[in-house]
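Below you'll find the structure, written out as structure tokens, and then a few comments.
Just so it is clear, none of the values below were taken in a lab; they were calculated from the coordinates. Since this is a predicted model, take the numbers as computed values, not measurements. Ideal geometry is used to build each Cβ from the backbone, glycine not excepted, and the neighbour counts take in all protein chains shown.
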Amino acid sequence: MGKYFGTDGFRGEANVGLTVEHAYKVGRFLGWYFGREKKCNVVIGKDTRRSSYMFEYSLVAGLTASGADVYLLHVTTTPSVSYVVRTEDFDCGIMISASHNPFYDNGIKLINDKGEKMQESVIEKIEQYIDGKTEEIPFALKENIGRTVDYAAGRNRYMGYLISLAVNSYKGMRVGLDCANGSSSAIAKSIFDALGAKTYVINNEPDGTNINENCGSTHIEALQELVVREGLDVGFAYDGDADRCLCVDEKGNVVNGDLILYIYGTYMKERGKLLNNTVVTTVMSNFGLYKAFDAAGIEYEKTAVGDKYVYENMITNGHRLGGEQSGHIIFSKYASTGDGILTSIKMMEVMLAKKKKLSELAMPVTIYPQLLKNIRVKDKAEVKEDKDVKAAVNAVAEALGDDGRILVRESGTEPLIRVMVEAKSQEVCEKYVDSVVNVIKQKGYEC
């Protein structure tokens, strides 16, 4: 990770950790860097945060000042930006979003011309420019100054692409959607309506400050209540920029990313479509998922946390399915990033093809109790290297043995240390998570 850009872009509180000056400089550099030999074309999307407009204008000012033409998708999802970049003639894409973070945070996600996360080599150059460590970039002059283009048509093409991927009509299906008052508010319902579903939507009235507020994939209780109250077949919850999805079965139970990977992984295997007979997971996936994969004869790989690392593994090794417990699911045949709405469509495909309820499809997986606690700290690296913290972690690992595990890691996007324990009971998880968290607090690292 760099000074400004983490595993999922440049993220921080608007006008505190991430300022309009930062956004302007990012735009200035990208417009110059990709426009050295030809006219640079950049596409921008944004989520529904109040500050997203401010950052959009700052990026546009920087890009056009360097000579780039900028195509505006307006409010849209991160995967839609990825789709437009990789299917049309753009040098790069920018998504303005802090994903599942509260409204006062925002972020800048950079996407290369293949629809993938921007190369680290380019990120490093941007950071050097932001810090004034490179020569000043010349301004475009006269007819070389860039322009902006309303490009809502690009978003519409993405919607058409998703609709084309559905292999069944949804007629007779009752589907609930929680749009998190975010990007999917502009897209999701239209797609499910077009496919024939009876669609029930909540949290699709963004006002700039209510994105992710007690809703969406990070607060799924409202969708659970909706599914049970209305007797729906299934529910899907997205995060702020709709690159992740969690499901709710007809009984109101949450079907998380691990269960989604199992359901679609076994479905692919049954049809001979699971290349290399392998699903890519992260170190946060549950023991129960791996036991279920073992029983199904499916192999798996584990990466560091972050859909970036999952995708890198998939491309390097030719795997077709991968994702995270949090709901970032990547179907590499169809997309180069996690896509919440695409995940919904794929879950609908399995339910309809196998004529089974979602609860039945998830039944073979027994999830181990898992507890994760986040501690906001002053210095993530210092905590990880502290000998007393290491000793506490090692003591827990030894005590758990083969009946569980502990994972302590740094957040890639926030000043947090995450302590996770997986064991046979919630009480054991609580005991061992607290034993490590207490050491971190006693050493004065908490802020």
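Which number comes out as Rg/Rh for the stretch 5-152 once both Rg and the Kirkwood Rh are worked out on C-alpha atoms?
That ratio equals 0.93.
Given K3/K125; K273/K346; K25/K125; K269/K346; K251/K273; K251/K346, which pairs have Cα atoms separated by over 18 Å?
Numbers: K3/K125 12 Å; K273/K346 14 Å; K25/K125 12 Å; K269/K346 14 Å; K251/K273 30 Å; K251/K346 20 Å.
The answer is K251/K273; K251/K346.
Compute the whole-percent fraction of alpha carbon pairs in the stretch 166-362 spaced more than 28 Å apart.
21
Taking R0 as 30 Å, what's the FRET efficiency between A295 and A381 from their Cβ-Cβ distance, rounded to 0.05?
Approximately 0.15, to the nearest 0.05.
For a quick check: sort Y57, Y311, Y238 by the number of other beta carbons within 10 angstrom, fewest at the front.
Y57, Y311, Y238
With the alpha-carbon atoms as the only input, what is the per residue convex hull volume for the stretch 370-442 in Å³?
76
With 10 angstrom as the radius, rank E37, E221 by how many other C-beta atoms surround their C-beta, starting from the fewest.
Listed from fewest to most nearby Cβ atoms, that is E37, E221.
If each Cα of the chain is one equal point scatterer, what is log10 of I(q)/I(0) from the Debye formula at q = 0.09, 0.10 Å⁻¹?
Normalising to I(0) and taking log10 leaves -0.59, -0.73.
I want the local charge near N168. Using Cβ-Cβ distances under 14 Å, sum +1 for each Lys or Arg and -1 for each Asp or Glu among the other residues. Walk me through the numbers on the way to the answer.
Numbers: positive: K171, K346, K354, K355, K356; negative: D233, E349.
Within the 14 Å Cβ shell, the charges total +3.
Need the list of aspartates and glutamates near K355 for cross-linking: C-alpha distance under 17 angstrom, and skip anything on the same chain fewer than eight residues off.
K355 reaches D233, D249, E250, E270.
Tell me, what is a quarter of the convex hull surface for the C-alpha atoms of the stretch 9-65, in nm² with one decimal?
Working: hull surface 15.3 nm².
With the hull built on Cα positions only, its mean projection is 3.8 nm².
Based on Cα positions only, what radius of gyration and what Dmax would you give for the stretch 40-123, in angstroms?
12.0, 34
Can you tell which of E349, E13, E360 shows the greatest fluctuation in a Gaussian network model of the chain with Cα springs below 10 Å?
Answer for the Gaussian network model of the chain: E360.
Please list log₁₀ I(q)/I(0) at q = 0.14, 0.17, 0.19 Å⁻¹ for the stretch 308-447, using the Debye equation with identical point scatterers on the alpha-carbon positions.
Computed log10 I(q)/I(0) values: -0.85, -1.03, -1.10.
So what is the diffusion coefficient of the stretch 81-153 in µm² per second by Stokes-Einstein at 4 °C and 1.567 mPa s, using a Kirkwood Rh over Cα pairs? Walk me through the intermediate numbers first.
Numbers: Rh = 14.7 Å.
Rounded, D is 88 µm²/s.
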